[in-house]
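Participant: Shown below is the structure under consideration.
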Amino acid sequence: MAGQHNSTSSGGSSERAPRTFRVWRGDARGGQFHDYTTQVGEGMVVLDAIHQIQAESAPDLACRWNCKAGKCGSCSAEINGTPRLMCMTRMDQLPPDGPVTVEPMRAFPPVRDLVTDVSHNFRAKKSIKKFTPRKPDAPDGTWRMQQADVDRVQEFRKCIECFLCQDVCHVLRDHHKHDEFVGPRLLVYAAALEMHPLDTENRLADLKNRHGIGYCNITKCCTKVCPEHITITDNSIIPLKERVVDEFYDPLTKLFRIFKPGK
Amino acid sequence: MEHYQTLEHDVVVIGAGGAGLRAAIEASAMGCSVALVCKSLLGKAHTVMAEGGMAAAMANVDDRDSWKVHFADTMRGGQYLNNWRMAQLHAQEAPARVRELEAWGAVFDRTRDGRILQRNFGGHRYPRLAHVGDRTGLEMIRTLQDHGIHQGIDVFMEMTVVSLLKDGDRVVGALGYDRERGRFRVWKAKAVVLATGGVGKAFRITSNSWEYTGDGHALAYEAGADLLDMEFVQFHPTGMVWPPSVRGILVTEGVRGEGGVLRNKDGRRFMFDDIPDNYRNQTAKDEEEGWRYVCGDKNANRPPELLTRDHVARCINREVKAGRGSPHGGVFLDIAWIKEKIPNSEEHIRKKLPSMYHQFITLANIDITKVPMEVGPTTHYIMGGVRVDGDTQMSTVPGLFAAGEVAAGLHGANRLGGNSLSDLVVFGKRAGEHAAKFAKEHGAGAVNPAQVEDAIRRALAPFDRGDAGENAFAVQSDLQGTMQDLVGIVRTENEMLRALEEIGRLKARAAKVGVSGHREYNPGWHTSIDLHNLLTVSEAITRAAIERKESRGAQFREDYPDKSAECAKFNLVLRKGADGRMQVVREPVRPLPAELQQIIEENK
Ligand SMILES: Cc1cc2nc3c(=O)[nH]c(=O)nc-3n(C[C@H](O)[C@H](O)[C@H](O)COP(=O)(O)OP(=O)(O)OC[C@H]3O[C@@H](n4cnc5c(N)ncnc54)[C@H](O)[C@@H]3O)c2cc1C
Ligand code: SF4
Ligand code: SF4
Ligand code: FES
């Protein structure tokens, strides 16, 4: 046999055992949990189990996914009550007994099964003023930035837009302030722009008024669920809050600004 | 009859990866109204997964680099079957496209003097890949997305295009449905850009996601466009092999660019055992020279791990078949060993390859800073695709353009790593620009309602058959097995003829697929639609691979293990014949202009 499968036959043995998944099924009108049992083997993640269930017993079970490697942020759900990426949640990290519950992100309106309406995040992003660079540093139209100066921004730009931080934030989840508060993901986005060494735009007034940064009371729940380990609160929200305070409440800064406008 | 909504735009772009976004941005910057349609949410396309970097001869790290060297590298990598005009434009324009991304907010890793840093990659003579750790694709797609949302582009997320609409010869729009509700929609347009990516889901082991079902290839083919070079499917040498559920997930070539080495179970660096003649002058003589190259010594040649992907994949295949593989049927890829060479190696690895570190720790319980990974080949990329004009990206059907992975030409018989991300922006921009021009010059055509209704009827047919029909997932899985086993890394005529027969049987089964339930987010229904595309591209790959009776680039034939001078003279075109059957036609390779030929000679 010349085919590739020699080289890739699934060597090694893997024990498989049945496991029950309690999956929320429904739509905007309501729904309930359904139990499905499927075989779980070594190294499997929750997303694999969902796919198996689709193939075996529920071909119309809706879920989002793309990369299966924690890179695209599509497969967000609440697993045993915790917001996580299904593709990065290994079965052997979950308690060995009892059913595994899988439900959609609760901070967003349900569409169907595990799929939610995340359009809030796209709208909110559009309301944040776009990147506006300073004039190039070199005659060839390029800029010079030191690695040390971009480290922080690169941390924020790791965001895969899984919206798990949005899901866990009580301002959105419990208080439904979607119209007044952009949420942690978008604050990280704003921070990435504000702290970008080349950017010249000022977003502080928007952050204070339109984007509701004041709603955040630094519970740090968002940081805890971020699969990219972005220190959302300490590195982005708190510094932004400080800038807002400096800009609008600190008399000395105000005075200073009269002489030196800009950021 | 089914109700559908009709929307009108100057240009409709199908696909929102790097190529589609860049095309949409360009067309809208030229004053066109633009619709951008994609199967997933915005920002989730395949481009987001690209890791290693984008190739552009900026010469920031090695000032000997230039577009000419990049051009010569691309042609050598493609075994001279490339569309040389595309290879030339790509090498010339990639640096400007990288700088443009920076101007739109991308934050690449930096050199000491504050410029964009470039890293080594297989087949590139000098360090050439602009990158952000190992998440360059994320940086690219996010930059384009965040720039694009302020351009007034109408974005249609989670919608699948199922058919291109024609008025005479010309394409005048597309028909699709929204995945959320299953409602149909017509995008009427003066020009259409395909940017739908690849076909990896035709195989069982792949680095590609569910989106990669060859939709654009099949849409173009059905609309009468030529496909080109479909036999050339890239098997990336390093995919994960264990545990089973992650098999195929990519391990970036960046690991080898940063000094990672391949070893068999005996600890031997087997890549030194087989170095192709045309690369001998550029390959390190020993391990010591290879390491010096990784450290940036300009007098050193690259280690053999950085030979082209087709070659590395075959070498791995050979080790495994000879019984010298790793426990789970791969070989070892070791980056941890650099601790012998540099202090703080663990921190260095985590910094340079953060998402690889994360991926292995989480999915395989392996700490790559301490122990080797197990890797094996995985279906990764298709060089073949829609045949386009090198300058305008227009297909052989007027008004239909293609850019990115769905288009053919730039990469010839084998793509160099990093040449895709640059491809997306160079030719995405060109496709957008020329689609806009075409729209302005040609005005609107007429959409034929009968054509729309017919396509809708076909798309909905699986519901009529309900549970009684074939299971779409089962047919898809059988197709993947067929392609994997019979048209994979190592090919023979007999096996491929069997594959063709099997594809015939699978087509018959696909025509009987049934789905139950509702139209809302119904994966069974979606798969039933994807199946037709997968079958079309699988047939195209197989027919072309049979016709090319030689081994070249990504195609390795056990029954014709050598290159043939005869086969060097043609590319293969696939098109739908008047009888509805797929035809394979030999198309002579266009001779290179003297000045380009000279560049190739100078860089031999
Ligand atoms: C894991 C991985 C790592 C990679 N690393 C690198 C790298 O380091 N460097 C490099 O140069 N290349 C790399 N590549 C290759 C490169 O990422 C891809 O070739 C490239 O991103 C393809 O971009 P695209 O714009 O052509 O398509 P994509 O980004 O795949 O976008 C395709 C779009 O088309 C849409 N679409 C498809 N069909 C339809 C339809 N029927 N209707 C509507 N929309 C549709 C999809 O929804 C999606 O939006 C990598 C690939 C993978 C998988
Ligand atoms: S820290 Fe702020 S943004 Fe984060 S979860 Fe708490 S309230 Fe929400
Ligand atoms: S900040 Fe973290 S949790 Fe929030 S969307 Fe981005 S990656 Fe997800
Ligand atoms: S599928 Fe991409 S993050 Fe889970």
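The values are calculated or read from the model by the stated rules, or taken from the named source; none is laboratory data. The model shown is predicted, which means the values in this text are computed figures rather than measured ones. Glycine also receives a Cβ, built like all others from the backbone with ideal geometry; neighbour counts cover every protein chain displayed.
Participant: Filter the range A:152-167 down to the residues that are in a loop (DSSP other than H, G, I, E, B) and at negative phi and list them by number.
Facilitator: Our first condition is that a residue be in a loop (DSSP other than H, G, I, E, B); within the range A:152-167, this holds for A:158-163.
Within the range A:152-167, A:K158, A:C159, A:I160, A:C162 meet the criteria.
Participant: Out of contact with any Pro (no Cβ under 8 Å at 6 or more places or on another chain), assigned to a helix (DSSP H, G or I) and in contact (Cβ under 8 Å) with a residue 60 or more places away in the chain: does that describe B:M75?
Facilitator: On the way: out of contact with any Pro (no Cβ under 8 Å at 6 or more places or on another chain): yes; assigned to a helix (DSSP H, G or I): yes; in contact (Cβ under 8 Å) with a residue 60 or more places away in the chain: yes.
Judged against the criteria, B:M75 is a match.
Participant: Let me ask something else about it. Please find, among B:A56, B:A94, B:A50, B:A19, the residue that is modelled with pLDDT under 95 and buried (at least 24 other Cβ atoms within 10 Å of the Cβ).
Facilitator: After ruling out the rest, the residue left standing is B:A50.
Participant: When the range B:110-144 is examined, which residues are found to be within 9 Å of another protein chain (Cβ to nearest Cβ) and under 24 Å from A:C162 (Cα atoms)?
Facilitator: B:V132, B:G133, B:R135, B:G137, B:L138, B:E139, B:R142, B:T143
Participant: While we're looking at this one, here's another question. Just wondering, is there one or more residues in the range A:74-87 that are among the polar types (S, T, N, Q), within 16 Å of ligand 2 (Cβ to nearest atom) and touching a residue at least 12 places away in the same chain (Cβ under 8 Å)?
Facilitator: Yes, the range A:74-87 contains at least one residue that is among the polar types (S, T, N, Q), within 16 Å of ligand 2 (Cβ to nearest atom) and touching a residue at least 12 places away in the same chain (Cβ under 8 Å).
Participant: Then there's this: Of all residues in the range B:114-125, which are modelled with pLDDT of 95 or more and either surrounded by fewer than 23 Cβ atoms within 10 Å (Cβ to Cβ) or aromatic (F, W, Y) (or both)?
Facilitator: Of everything in the range B:114-125, those that are modelled with pLDDT of 95 or more and either surrounded by fewer than 23 Cβ atoms within 10 Å (Cβ to Cβ) or aromatic (F, W, Y) (or both) turn out to be B:G114, B:R115, B:L117.
Participant: Tally time: how many residues in the range B:299-326 are free of Cβ contacts under 8 Å to residues at least 24 places away in the same chain and hydrophobic (A, V, I, L, M, F, W, C)?
Facilitator: Looking only at that region, the number is 2.
Participant: Another question, then. Which residues, counting only those in the range B:150-173, are within 11 Å of chain A (Cβ to nearest Cβ) and within 15 Å of ligand 1 (Cβ to nearest atom)?
Facilitator: B:V155, B:M157, B:E158
Participant: Same structure again: List the pairs whose first member sits in the range B:27-46 and is within 14 Å of chain A (Cβ to nearest Cβ), whose second member is in a helix (DSSP H, G or I) and within 16 Å of ligand 1 (Cβ to nearest atom), and whose Cβ atoms are under 6 Å apart, counting only residues at least 6 apart or on separate chains?
Facilitator: Note: pairs meeting the criteria are B:L36/B:A24; B:L42/B:Q145; B:G43/B:I141; B:G43/B:Q145.
Participant: I'm trying to understand the selection: among the residues of the range B:111-123, which are part of a loop (DSSP other than H, G, I, E, B), over 18 Å from the mean Cα position of the chain (by Cα) and closer than 19 Å to B:L416 by Cβ? Show your work before the answer.
Facilitator: Quick first cut of the range B:111-123, residues part of a loop (DSSP other than H, G, I, E, B) only: B:111-115, B:117, B:120-123.
Checking which are over 18 Å from the mean Cα position of the chain (by Cα) leaves us with B:111-115, B:117, B:120.
Listed by number, the residues that qualify are B:L117, B:N120.
Participant: Can B:Q476 be described as surrounded by 18 or more Cβ atoms within 10 Å (Cβ to Cβ), within 23 Å of the chain's Cα centre (by Cα) and farther than 23 Å from B:D559 by Cα?
Facilitator: So B:Q476 fits the description; yes.
Participant: I'd like the residue in the range B:280-294 that is surrounded by 12 or more Cβ atoms within 10 Å (Cβ to Cβ) and without any contact (Cβ under 8 Å) to a residue 60 or more places away in the chain and, out of all such residues, is nearest to B:F235 (Cα to Cα).
Facilitator: Narrowing the range B:280-294 to residues surrounded by 12 or more Cβ atoms within 10 Å (Cβ to Cβ): B:282-285, B:287, B:289-294.
This time we only want the ones that are without any contact (Cβ under 8 Å) to a residue 60 or more places away in the chain, so: B:283-285, B:287, B:289-292.
Details: B:T283: 22, B:A284: 24, B:K285: 26, B:E287: 26, B:E289: 27, B:G290: 24, B:W291: 26, B:R292: 28 Å.
It comes out as B:T283.
Participant: Oh, and also: Whether any residue in the range A:78-94 is in a strand (DSSP E or B), of a type in the set (D, E), away from chain B (no Cβ under 12 Å) and within 25 Å of A:Q39 (Cα to Cα) is what I want to check.
Facilitator: yes
Participant: Right, here's the next one. Pick from B:A594, B:A554, B:A578: which is of a type outside the set (S, T, Y) and crowded, with 18+ Cβ neighbours inside 10 Å?
Facilitator: Just one listed residue meets the conditions, B:A554.
Participant: Restricting to the range B:346-395, give me the number of residues that are at the interface with chain A (Cβ under 10 Å from one of its Cβ atoms), among the small types (G, A, S) and closer than 17 Å to B:H236 by Cα.
Facilitator: 1
Participant: Only one residue in A:A49, A:A69 is crowded, with 22+ Cβ neighbours inside 10 Å, within 24 Å of B:S40 (Cβ to Cβ) and at pLDDT below 95, so which one is that?
Facilitator: None of the others qualify; the one that does is A:A69.
Participant: Of the residues A:I230, A:I238, A:I218, A:I213, which single one is within 16 Å of ligand 3 (Cβ to nearest atom), within 28 Å of A:S74 (Cα to Cα), modelled with pLDDT of 95 or more and in contact with an Asp or Glu (Cβ under 7 Å, 6 or more places away or on another chain)?
Facilitator: On the way: A:I238 fails: in contact with an Asp or Glu (Cβ under 7 Å, 6 or more places away or on another chain); A:I218 fails: in contact with an Asp or Glu (Cβ under 7 Å, 6 or more places away or on another chain); A:I213 fails: in contact with an Asp or Glu (Cβ under 7 Å, 6 or more places away or on another chain).
Just a single option satisfies the conditions, and that option is A:I230.
This table checks each residue for (1) more than 17 Å from B:L363 (Cα to Cα); (2) over 23 Å from the mean Cα position of the chain (by Cα).
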| position | (1), (2) |
| --- | --- |
| A:V23 | yes, no |
| A:Q32 | yes, yes |
| A:Q54 | yes, yes |
| A:C67 | no, no |
| A:L94 | no, no |
